[in-house]
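Have a look at the structure below before the remarks.
The values are calculated or read from the model by the stated rules, or taken from the named source; none is laboratory data. Every value quoted in this text rests on a predicted model; they were computed, and no experiment measured them. When we count neighbours, we look across all protein chains shown, and the Cβ atoms used for this are built from the backbone with ideal geometry, even at glycine. When the accessible area is computed, the model is the full protein with side chains, heavy atoms only, and any ligands, DNA or RNA have been set aside. Shrake-Rupley method; radii C 1.70, N 1.55, O 1.52, S 1.80 Å.
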Amino acid sequence: MLSAADLPNDIEALKAMLLMRDERIIGLEAQVNTGAAEIEHLKLMIAKLRRMQFGRKSEKLDLQIEQLELQLEDLQADEAEAAREMPAADQAPRKKSVRKPLPEHLPRDEKVYLPASDACPSCGGGLRHLGEDVAEQLEYVPASFRVIRHMRPKLACTCCDTIVQAPAPSRPIERGIAGPGLLAHILVAKFADHLPLYRQSVIYARDGLDLDRALLAGWVGAASALLRPLVDAIRNHVLAATKLHADDTPIPVLAPGNGKTKTARLWTYVRDDRPSGDTTPAAVWLAYSPDRKGVHPQTHLATFEGVLQADAYAGFNALYEGGAIHEAACWAHARRKFYDLHAARPSALTAEALRRIGELYAIEAAIRGRPPDERRLVRQERAKPLIDDLETWLRASLDKLSRKSDTSAAIMYALNLWPALCRYCDDGAIEIDNSAAERALRGVAIGRRNYLFAGADTGGERAAAIYSLIGTAKLNGVDPEAWLGHVLARIADHPVNRVDEFLPWRCAGQLIPA
């Protein structure tokens, strides 16, 4: 900021400075206005993409949203930088946003700023307390490591040779230096925050800790083995349901011997009946397989009876043959066929198909969380006539198209699944789509981009186990790191037949925030 002493006395020089300043202000205003317009445009695009995000199979939409979010961040940073450089008098008035209060549970450090003198600067009289102005500022204190020293004094009897000493407390890893909180942090950083162990090793080195990747990998393996009974408990809870969501996703795995990767699969099975008003805790169980053969889901669901909501993967078909498992198809998959065509070559037919399916989703939005009987009644009255009319329209449209066209393929996909697509209208507990399973796999997709591949089949099995734990914690609104730290501190000494006591919804009240 220039002071009067910095300004030249020459009038022409002053005029030149004012013109330069005005030009700079005009340029900054144009930059801010352009940036604001682009920000609003990006916000609209992101909102639109998020509305389209339900029930997808590929990761292209996620990637597009991430790219737009990054572009939005840069534009907002540019806007703030330009506003900071512009003189305060020339800045346009900004709309004040309502600031949310800082959470009450955060610790407060108070700093008191007293006047320089305890006497009145005007008359020299004494000062008394009148009140105070309080302004809060959010600060970040970097996470820190600490060493816990377990000391066990030895006591000797004064009358005999007996020595008394408290037993050593158990550790999650026998003779290991890693505490339960550190193990939980490493697991969550790898499988929830998608930080591979070699990156974690570099981060820890900045704190002066030499924790190489091999050591961290050993800890992950030992902790996974300790948590295996809890994963089994989650699997039992999931498979005890009468309705499941199922899906799978590829995971590259390093093939032994040749250095190449093979495509394995992670299968997800989700129990979540909250949209139909059920209070049973939600949970997700993931299983690993080295390939995508149908025998794997058939093995996973060998004891399951009820409704299975999934895509049209042929490997599930054998499950429906005995009658114990009933197929419920996914309207999001049927919609996606038309959406992909509409995005590439918009037509009146694809637009009409999307509109009609959108009407079904509008009905679902209105009854989400209602009891099954109420949902079934509304679907029978409002959705069923729309579906019947949609079937008639699809069959009539198909007669006018070449059977080799992409549009015909989209229509045939839906018609071939029609009884399974209609099943949700007859059962209020069934959802309109399989989004619950696809949401459970999103973290896997992000991690896959960071890891590139798993090192072996055992690594895939371990990933499935930890993803099951973290996914179940998130479904129940429980902090995965705090929960895993709580479990790892106790599970080694806990009876295995009572491991259900560690399920996240049963011990949430005992957790200390990580």
Query - Residue among Ile177, Ile186 that is open to solvent by 100 Å² or more (accessible area, probe 1.4 Å) and modelled with pLDDT of 85 or more - result: Ile177
**Report entry** Residues being more than 16 Å from Leu341 (Cβ to Cβ) and crowded, with 19+ Cβ neighbours inside 10 Å - total across segment 402-419
**Finding:** 1
Query - Hits in segment 245-291 (condition: under 20 Å from the mean Cα position of the chain (by Cα) and aliphatic (A, V, I, L, M)) - result: Ala246, Ile251, Leu266, Val270, Ala282, Ala283, Val284, Leu286, Ala287
Query raised in the report: What do you reckon, is Arg376 surrounded by 13 or more Cβ atoms within 10 Å (Cβ to Cβ) and under 31 Å from the mean Cα position of the chain (by Cα)?
Result: yes
Report summary line: Exactly one of Glu305, Glu321 is modelled with pLDDT of 95 or more, at negative phi and surrounded by fewer than 19 Cβ atoms within 10 Å (Cβ to Cβ), and that one is Glu305
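From Asp399, Asp388, which residue is more than 34 Å from the chain's Cα centre (by Cα), under 30 Å from Arg274 (Cβ atoms) and loosely packed, with under 15 Cβ neighbours inside 10 Å?
After applying the criteria, what remains is Asp388.
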Requested in this report: Taking the residues in segment 434-484 that are of a type in the set (S, T, N, Q) and at pLDDT 90 or above as candidates, determine which candidate is surrounded by the most Cβ atoms within 10 Å (Cβ to Cβ).
Outcome: Thr472
Report summary line: Condition set at pLDDT 95 or above and outside any strand (DSSP E or B), scope segment 280-294, selection least open to solvent (accessible area, probe 1.4 Å): answer is Ala282
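Residues are listed down the side, and each one gets a yes or a no for (1) assigned to a loop (DSSP other than H, G, I, E, B); (2) closer than 25 Å to His494 by Cβ:
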residue	(1), (2)
Val202	no, no
Asp210	yes, no
Ala214	no, no
Arg235	no, yes
Ala241	yes, no
Thr249	no, no
Query raised in the report: Can you find a residue in segment 397-418 that is out of contact with any Cys (no Cβ under 8 Å at 6 or more places or on another chain), in a helix (DSSP H, G or I) and among the basic types (Lys, Arg)?
Result: no
